[in-house]
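Shown next, in structure tokens, is the structure this report addresses.
The values are calculated or read from the model by the stated rules, or taken from the named source; none is laboratory data. None of the values given here were measured: they were computed from a predicted structure. Areas reflect the complete protein model, heavy atoms only, side chains present, ligands, DNA and RNA absent. Shrake-Rupley method; radii C 1.70, N 1.55, O 1.52, S 1.80 Å.
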Amino acid sequence: MAHTQETDDDPILQNRPKRFLSHTLVELRQFKRLPFLCHSAVVLDISSGGFKLEFTGETISTPGRRYWLHIPLIPLGISSPTSFSCLCECRWFDDKRYRMGGSFVDLKPDDEKLIEKVMASIKTRGQL
């Protein structure tokens, strides 16, 4: 299959949510409020629809598996609330680089606003 050059006038790219690059440390938890069975990861990029993570250690996941994504907000300059947790789903997993792409699940309007704040903070902090 031939690779085509992506351009800004591509209609698919125009409708895709804007992604912001990051180096923010997060946790992927099996339980929302319990820090057991969790994995640390770095957010490589984030958008209103999903994210890409790189785990800090060896781990395994599979598409369709659900987790609670826990993001400490104080390091991003957001003081209230101090952290954010939302349900997410693994869309793909790279077992060689320990990377995962995921999407947010059943976000409430307040959750969407908080993710927008996270993206704005990452953008203004020069982590692009």
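Phi-derived couplings, Karplus 6.51 cos²θ - 1.76 cosθ + 1.60 at θ = phi - 60°, listed residue by residue for region 80-97: 9, x, 7, 8, 9, 10, 8, 6, 9, 10, 5, 9, 8, 9, 9, 7, 8, 10 Hz, with x used for Gly and Pro. With 20 Å as the limit, the listed pairs Lys52/Lys117; Lys32/Lys108; Lys32/Lys96 have Lys32/Lys96 beyond it between alpha carbons. With the whole protein complex present, Leu34 retains an accessible surface near 80 Å², based on a 1.4 Å probe.
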